[in-house]
Amino acid sequence: MYTSSMKEEKDDLLLGIGTMLRGSRQKKELTQKVVAEKAGINEKHLGRIERGESNVKIKTLELLCKELEVSLPNFFQKALRYKKAIVDARKGIYLPQMDLIKKKKT
């Protein structure tokens, strides 16, 4: 049975992954279009992934990480930290990582 808390946790993970992707891409000063083309996905799909609105296949994530010069293990480690920051923020706990998440929503 798929509960609302399971959906919320999945959504938090997707948002953590998306936040990490967007931050890595912006740090390299690359556009969504350039990164999406090199990873073989649609630019709009990359946008949905970065906003945490869409699942991403592991193979696609591997290609995105390669383009962004981030190892997959390091990527997941940081994405899980963002997920924790998202959960903590929902509980009213503030962490500096939330600044990046808030910027992406505006």
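Among THR60, THR31, THR19, sorting on how many other beta-carbon atoms sit within 10 Å of each Cβ, with the fewest leading, yields THR31, THR60, THR19. Cβ crowding within 10 Å ranks SER54, SER24, SER71 as SER71, SER54, SER24, fewest other Cβ atoms first. The fewest-to-most ranking of ILE41, ILE58 by surrounding Cβ atoms within 10 Å reads ILE58, ILE41. How much FRET efficiency would the formula 1/(1 + (r/R0)^6) give for ARG51 and THR31, where r is the Cβ-Cβ distance and R0 is 25 Å, rounded to 0.05? Step by step, r from the Cβ atoms, then E = 0.95.
The numbers here are math on the coordinates, done by the rules we state, and not lab data. Worth saying up front: this structure is predicted, and the values here are computed from it rather than measured. Here Cβ is always computed from backbone atoms with ideal geometry, including for glycine, and neighbour counts include all displayed protein chains.
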